[in-house]
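Single-structure report; data block below.
The values are calculated or read from the model by the stated rules, or taken from the named source; none is laboratory data. Remember, predicted model here, so these are calculated numbers, not experimental data. For neighbour counting, all protein chains shown are included, and Cβ atoms are generated from backbone atoms with ideal geometry for every residue, glycine included. Quick note on the areas: whole protein, heavy atoms, side chains included, nothing else; ligands and nucleic acids left out. Shrake-Rupley method; radii C 1.70, N 1.55, O 1.52, S 1.80 Å.
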Amino acid sequence: MDFLEKVMGRSHIGAAIRRVEDLEEAVRHPNIHAIFLLGGDINYLPGMIKRVRASSKVMLTHIDLLEGIGKDRPGIHLLKRMGVQGIVTTKSNLTKLAMEEDLWVVQRLFIVDSESVKTAVRVAENIKPHAVEVLPATIPQYVIQDMKRALNIPVLGGGLLRTETDVKEALGKGIDAITTSLRHLWNVTL
């Protein structure tokens, strides 16, 4: 299954939300197919999952930022049983466990220098997530191209995007899709 097609749909924009209250706007937005939950409390997750599935959209939960869930095999298994479709994480061990549970997995990578690029590529090559998300999305084009060549998986970008021009520049550098919490950027189309 193709991550970009199944998770992102036809959009190159994923809605990043941090609160339960933000879900409805993302679900109703015609440009958004993928919703990235960047926080929250596990007690609200079942209702959110139900709402997202009813809208035929996809939600990936950033497990590192979700309160009330173990960051371990039982925690991943519980998320799968609850109906979570995928996770975002910075932790390699959680990526591996989620892959074993047949969840969509985005490995989040913070790129700050050349050494972090090498480390990120090495980790992602070993784990083989469905996609990686680089932060910030404003990294140089050669870094994105090197990562895509080395990993042969989609590269998402998040962080430090404020304008439509920023989004188009990130996508123009080779980033396959971006995630953003800025509502006005959810309207960007190519």
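Confirm whether residue 84 is within 17 Å of the chain's Cα centre (by Cα) and part of a loop (DSSP other than H, G, I, E, B).
Yes; evaluated as a whole, the condition is true for this residue.
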Exercise for review: For segment 25-40, indicate whether the set of residues that are touching a residue at least 12 places away in the same chain (Cβ under 8 Å) and more than 23 Å from residue 187 (Cβ to Cβ) is non-empty.
Suggested key: yes
Picked from segment 103-116 (must be of a type outside the set (Lys, Arg) and under 16 Å from the mean Cα position of the chain (by Cα)), the residue most open to solvent (accessible area, probe 1.4 Å) is 110
Restricting segment 135-169 to residues that are touching a helix residue (DSSP H, G or I) at 6+ places or on another chain (Cβ under 7 Å) and assigned to a strand (DSSP E or B), the one nearest to residue 16 (Cα to Cα) turns out to be 157
(1) surrounded by fewer than 18 Cβ atoms within 10 Å (Cβ to Cβ); (2) in contact with a Ser or Thr (Cβ under 7 Å, 6 or more places away or on another chain) all hold for residue 122 apart from (2)
Checked segment 13-32 for anything part of a loop (DSSP other than H, G, I, E, B) and touching a helix residue (DSSP H, G or I) at 6+ places or on another chain (Cβ under 6 Å); matches are 29, 31, 32
